[in-house]
Amino acid sequence: MIQEIMHASHKVIVITGDNALTACHVAKQLKIAKPKCDILIFNPERFVWESVDGAVKLDFHATDDKTLLSKHDLCITGNKKNSKGSIKKFSNPS
């Protein structure tokens, strides 16, 4: 069902109360995440994007939105106060 929605040109996202690693695992299992693509988790305390294995770290403000979205899948966690601006920034990238 999820693949049908994606093939109909709809954007599919995971929203969960679980921790970021669980969300990343679910996204991979459901094939929502792009194959062979790092999932970057937003760290609101340091304002960086970090891969699950820690190999990739990108500054939040210095990263071009279109380049980031074309190369990575994103995971935004945290309370509403910390993540609201980052969710808004990537909901409709220009």
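Laboratory data are not the source of any read-out in this text; all were calculated from the coordinates shown. Note that this is a predicted model, so its numbers are computed, not measured. Positions of Cβ are generated from backbone atoms using ideal geometry, with glycine treated the same way; all protein chains shown enter the neighbour counts.
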Find how much the distance from Met1 to Thr67 grows on full extension, using 0.36 nm per residue of separation minus their present alpha carbon separation; answer in nm with one decimal.
20.9 nm
Around Val14: net Lys/Arg minus Asp/Glu count, Cβ-Cβ under 14 Å:
+2
Net length gained if the chain between Phe47 and Lys28 were fully extended (0.36 nm per residue, minus Cα distance)
4.4 nm
Return the sequence-ordered ³J(HN,Hα) values of the stretch 41-58 in whole Hz as given by the Karplus equation 6.51 cos²θ - 1.76 cosθ + 1.60 applied to θ = phi - 60°, using x for Gly and Pro.
9, 6, 9, x, 6, 10, 6, 9, 9, 10, 6, 4, 8, x, 6, 10, 9, 10
Can you tell me how much longer the chain between His10 and Asp59 gets when fully stretched, taken as 0.36 nm per residue apart minus their C-alpha distance, in nm with one decimal?
14.8 nm
Inverse of <1/r> over all distinct C-alpha pairs of the stretch 1-72, i.e. the Kirkwood Rh in Å, gives 13.3 Å
